[in-house]
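**Q** A single structure is presented below for examination.
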Amino acid sequence: MPILFGYFAHLQMSTVAISHLSKSFSSGLFRKSNIQALSDVSITVSKGEIFGLLGPNGAGKTTLVKILLSVVHPTSGTATILGQPMGSTGIRERIGYLPENHRYPSFLTAHQTLLHFGRLQGLSKHFLSSKASELLRVVGLEEWSRVKIKKFSKGMLQRLGLAQALLNDPEVLFLDEPTDGVDPVGRKEIRDILKGLRSAGKTVFLNSHLLSEVEEISDRVAILNKGEVLSVGTIRDITSHALEYEIRLGIAPSEPVLQKIGALSRSLETNQLTLTLALHAKEDLNKILQILLQEGMSIESVMPRKSRLEDFFINLIRTRENP
Amino acid sequence: MKALSLSLLTIREAILKGTLLFYFIVGNLIILFFAAAVSGSMESGTLTITMFGSQLTPRGLEGFNPVEFLLRQLFQSASSAIMLFGIFATAGLIPSMLEKGTVELYLSKPLSRSSLLLARSFGACGGIGANILYFAVGIWAVFGIKTGIWHGNFLLASVVAIFIFLCYYSVVALTAVITRSTAFSIMIAFVFTLFSSALEVRQTTLYVWWENAFFHRFLDSLYYATPRISRMIDQAANLVGKDITTRVLAEQASAGFDILPFVYSFLSASLLYALAIVYFFRQDY
């Protein structure tokens, strides 16, 4: 019972708490075939965190966000945002959302677009007038504020979409592929905006297939494939290899030294002054370091071995698909 | 306030799509036509209306009001045309809201799905309503200035025409949320118009197809479950003037205003809007 209580208390403290969420779509003639878009997804996102949701196309990332925003109804499971059940009107006043491939009325200017969607958000005209100008400046569209958005490029529309999502000063921001079509400079600007939001205590839920981008700004990530969560954690946690280390030496080790180290390792690779080791047990690391010191080698650094998020992601997906 | 904002944007969208603007121009041309064509004069206590110099008096009728006659004819023709052309201009407004990339934006705002759908529908009807009112006031003013008769009931009938369009639009709203297709919504609305007219005279036409009590009750149910567009237009026209087009004496012509078609149509349109809302609520986007 206390365990259950603790679990629910944790869910309540989380800004976004997703519990056993599943979604299946019926399709085909007479809706005979069933597509499982999400399977028993449970994720929590804390306040002030940038949370990255990663996955290949069709993994269910967008479906998950749409469920949280009540655009799609879940088949089973629950979720809360800011302690309230997802989908409540009150919650939608406190969140911002940038959908993937969003389409704004093309006959409006950038400024008018923000005014319109701000009004739908329930914001006053007086407040919106200054807020829209401020946000257009933040996303770099100040000079385009009076131009009809049908003349905007994809990248400009993404910037406008971000401004729209920020209109109500949201406590939680859901972004679905926010840098899609944005040039490298624009991407950096968007990343900086997101970092600024994190500093201000806002929570960002980021959907992206751009791994390097997510790796750079996310505090934690979840990897989704075929509707299932394969891994959740900090980038450091999920990219660290268990019992694998890189040791940088001051001088190149001799062959006998390498043989001694090799006897204690599952695998050993050498690259001039760097040894890459996979061990059987953590204690073996101390034994190896002692050998190196006894042999008069200078040790410059010992680091747990990490792979890039991209490598980890690809390996994880491949392993799941071809076990 | 949020729903009003969406309704206003819908009106704006309808205008900027060009079709409403075209109707506005056509409306102005018709107003100008009547301004140039109609003139009235009093001769020995009797009002005489002329169009392009020709006196307008239906043969065999005495004591009829030519302004009422003209306005009634104009109202009936214009309102029937506006119903059809209005649907053509506004049927795309709900499907465009349901397009991928747009619907997510609207559904993520703190507005219920019912508010969204109704605001969009009322916005569409508002656009058409503004056109109807502008046209009606224009015609009313032309006749008032030219003949000295300010026929207030013509304006009242025009307001009723907006209500009729709102009822008619319920068919589009339901079709649009189900099919998400502009073309299909227009098609169904036009088929409904034909079907609705046939249902009006079902006793003399559809009943004879199959002499079966169940079939007859089924047709009756359909009649009561759907808005009665042509019947309402006839009743609204009665507000403008008596029906004397068949050259019967004015005293014999139907002139009473029957509220029942409006009550039944309001109820059936509410049902169609409710069905559209329920369907909209259940959908994933």
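**Q** Rounded to the nearest 500 deg cm²/dmol, what is the calculated helix-only ellipticity per residue at 222 nm for chain A, with -39500 (n - 2.57) per DSSP H run of length n ≥ 4? Numbers along the way, then the final one.
**A** Values: 12 runs with 124 residues, N = 323.
Theoretical 222 nm ellipticity from helices: -11500 deg cm²/dmol.
**Q** Relative to the longest principal Cα axis of chain B, at what angle does helix B:229-240 sit, 0 to 90 degrees, rounded to 10?
**A** 40
**Q** Which one, A:Thr109, A:Pro85, B:Val208, is farthest towards the positive end of the dipole of the protein assembly as shown when Lys and Arg carry +1 and Asp and Glu -1 on their Cβ?
**A** In the protein assembly as shown, that residue is B:Val208.
**Q** Then there's this: Amide H of A:Leu53: which non-local residues (sequence gap of 5 or more, or other chain) have their own amide H closer than 5 Å, using H built in the peptide plane?
**A** Here the answer is A:Leu206, A:Asn207, A:Ser208, A:Ala222, since their amide H atoms fall under 5 Å of that of A:Leu53.
**Q** Please report the equivalent ellipsoid semi-axes of the stretch A:215-310, computed as sqrt(5 x eigenvalue) of the Cα gyration tensor, largest first, in whole Å. Let's see the in-between values first.
**A** Values: eigenvalues 208, 37, 22 Å².
Those come to 32, 14, 11 Å.
**Q** Take the Cα radius of gyration of the protein assembly as shown and divide it by 2.2 N^0.38 Å, with N its residue count; two decimals is plenty.
**A** Values: Rg = 34.8 Å, N = 608, 2.2 N^0.38 = 25.1 Å.
Scaled against compact globular proteins, the figure is 1.38.
**Q** Per residue of B:119-131, what is the mean number of Cβ atoms on other protein chains within 10 angstrom of that residue's Cβ?
**A** Details: counts 1, 0, 0, 0, 0, 0, 0, 0, 0, 0, 0, 0, 0.
Averaged over the peptide's residues, the number is 0.
**Q** Please sort B:229-235, A:215-221, A:313-319 by packing, taking for each peptide the average over its residues of neighbouring beta carbons within 10 angstrom, highest first.
**A** Details: B:229-235: 21.3, A:215-221: 19.4, A:313-319: 14.9.
Highest mean packing first, the order is B:229-235, A:215-221, A:313-319.
**Q** Based on Cβ point charges of +1 for Lys and Arg and -1 for Asp and Glu, what charge dipole magnitude is obtained for the protein assembly as shown about its Cα centre, in debye rounded to the nearest 20?
**A** On the way: 56 positive and 46 negative charges, 107 e Å.
With Lys and Arg at +1 and Asp and Glu at -1, about 520 debye.
**Q** Could you give log10 I(q)/I(0) at q = 0.14 Å⁻¹ for chain A, computed by the Debye formula over C-alpha point scatterers of equal weight, without solvent?
**A** -1.08
**Q** Provide, as a two-decimal number, the C-alpha radius of gyration of the stretch A:139-254 over 2.2 N^0.38 Å, N being how many residues it has.
**A** Details: Rg = 18.9 Å, N = 116, 2.2 N^0.38 = 13.4 Å.
Rounded to two decimals, the normalised Rg is 1.41.
**Q** For the Cα atoms of chain B, what angle does the longest principal axis make with the long axis of helix B:182-200, in degrees from 0 to 90, nearest 10?
**A** Result, in degrees: 50.
**Q** As I understand it, the value is the acute angle between the Cα axis of helix B:113-147 and the longest principal axis of the Cα atoms of chain B; what does it come to in degrees, rounded to 10?
**A** 10
**Q** In addition: Rank these for me by crowding, B:Phe135, B:Phe85, A:Phe117, B:Phe52, going from fewest to most other beta carbons within 10 Å.
**A** Values: B:Phe135 22, B:Phe85 18, A:Phe117 28, B:Phe52 8.
Fewest-to-most Cβ neighbours within 10 Å comes out as B:Phe52, B:Phe85, B:Phe135, A:Phe117.
**Q** Rounded to the nearest 20 debye, what is the charge dipole size of the stretch B:2-282 about its Cα centre when +1 sits on each Lys and Arg Cβ and -1 on each Asp and Glu Cβ? Mind showing how you got there, number by number?
**A** Values: 18 positive and 13 negative charges, 176 e Å.
Charge dipole of the stretch B:2-282: 840 debye, to the nearest 20.
**Q** Further, regarding this structure: Are there any trypsin sites (Lys or Arg not before Pro) in the stretch B:66-125 that are in a DSSP loop and have at most 14 other Cβ atoms within 10 Å? List them by number. Intermediate results must be reported in sequence, preceding the final value.
**A** Values: sites: B:Arg72, B:Lys100, B:Arg113, B:Arg120; in loops: B:Lys100.
In loop regions of the stretch B:66-125 (DSSP not H, G, I, E or B), the sparsely surrounded trypsin sites (Lys or Arg not before Pro) are B:Lys100.
**Q** How about the stretch B:51-154: which GluC sites (Glu not before Pro) there lie in a loop by DSSP and see at most 16 other Cβ atoms within 10 Å?
**A** Numbers: sites: B:Glu62, B:Glu68, B:Glu99, B:Glu104; in loops: B:Glu62, B:Glu99.
Sparse-neighbourhood loop GluC sites (Glu not before Pro): B:Glu62, B:Glu99.
**Q** May I ask you to list the trypsin sites (Lys or Arg not before Pro) in the stretch A:238-298 that are in a DSSP loop and have at most 11 other Cβ atoms within 10 Å of their Cβ? Spell out each step's value before the answer.
**A** Numbers: sites: A:Arg248, A:Lys260, A:Arg266, A:Lys282, A:Lys287; in loops: A:Lys282.
Counting only loop positions with at most 11 other Cβ atoms within 10 Å, the trypsin sites (Lys or Arg not before Pro) in the stretch A:238-298 are A:Lys282.
**Q** Return the sequence-ordered ³J(HN,Hα) values of the stretch B:29-38 in whole Hz as given by the Karplus equation 6.51 cos²θ - 1.76 cosθ + 1.60 applied to θ = phi - 60°, using x for Gly and Pro.
**A** So the Karplus estimates, Gly and Pro as x, are 5, 5, 4, 5, 4, 5, 4, 7, 8, 8 Hz.
**Q** Here's a follow-up. Tell me the mean residue ellipticity at 222 nm calculated for chain B from its helices only (DSSP H runs of n ≥ 4, each -39500 (n - 2.57), averaged over every residue, nearest 500). Present the calculation step by step, with values, prior to reporting the outcome.
**A** Details: 11 runs with 199 residues, N = 285.
Taking each H run of at least 4 residues, the total per residue is -23500 deg cm²/dmol.
**Q** If you don't mind, there's one more thing I want to ask. Quote the relative contact order of the stretch A:2-237 in percent (integer), defining contacts as alpha-carbon pairs under 8 Å separated by 6+ residues.
**A** On the way: 455 pairs, mean separation 65.2, N = 236.
Normalised by residue count, the contact order of the stretch A:2-237 is 28 percent.
**Q** Considering all projection directions equally, how large on average is the shadow of the alpha-carbon convex hull of the stretch B:2-282, in square nanometres? Present the calculation step by step, with values, prior to reporting the outcome.
**A** Working: hull surface 68.0 nm².
Averaged projected hull area, Cα only: 17.0 nm².
**Q** How far is the Cα center of the stretch A:303-323 from the Cα center of the stretch A:215-244, in Å?
**A** Between the Cα centres of the stretch A:303-323 and the stretch A:215-244 lies a distance of 9 Å.
**Q** Sort the following peptides by mean Cβ neighbour count (other Cβ atoms within 10 Å, averaged over residues), highest first: A:102-108, A:69-75, B:145-151. Don't jump to the answer; show the numbers that get you there.
**A** Working: A:102-108: 18.1, A:69-75: 19.9, B:145-151: 16.3.
Packing order, densest peptide first, comes out as A:69-75, A:102-108, B:145-151.
**Q** To continue, here is another question. Can you tell me which of A:Thr276, A:Thr109, A:Thr234 moves the most in a GNM of chain A? Springs connect C-alpha atoms under 10 Å apart.
**A** A:Thr276
**Q** Distance cut-off 21 Å, Cα to Cα: go down the list A:Lys61/A:Lys226; B:Lys2/B:Lys109; A:Lys282/A:Lys306; A:Lys131/A:Lys202; A:Lys47/A:Lys188 and report the pairs above it. Write out the running numbers ahead of the final one.
**A** Working: A:Lys61/A:Lys226 10 Å; B:Lys2/B:Lys109 9 Å; A:Lys282/A:Lys306 16 Å; A:Lys131/A:Lys202 18 Å; A:Lys47/A:Lys188 23 Å.
From the list (A:Lys61/A:Lys226; B:Lys2/B:Lys109; A:Lys282/A:Lys306; A:Lys131/A:Lys202; A:Lys47/A:Lys188), the Cα-Cα distance tops 21 Å for A:Lys47/A:Lys188.
Only the coordinates and a few stated rules stand behind these numbers; no lab work does. Since we're looking at a predicted model, the values are computed, not measured. Neighbour counts are summed over all protein chains in view; Cβ atoms, including those assigned to glycine, are modelled from backbone coordinates with ideal geometry.
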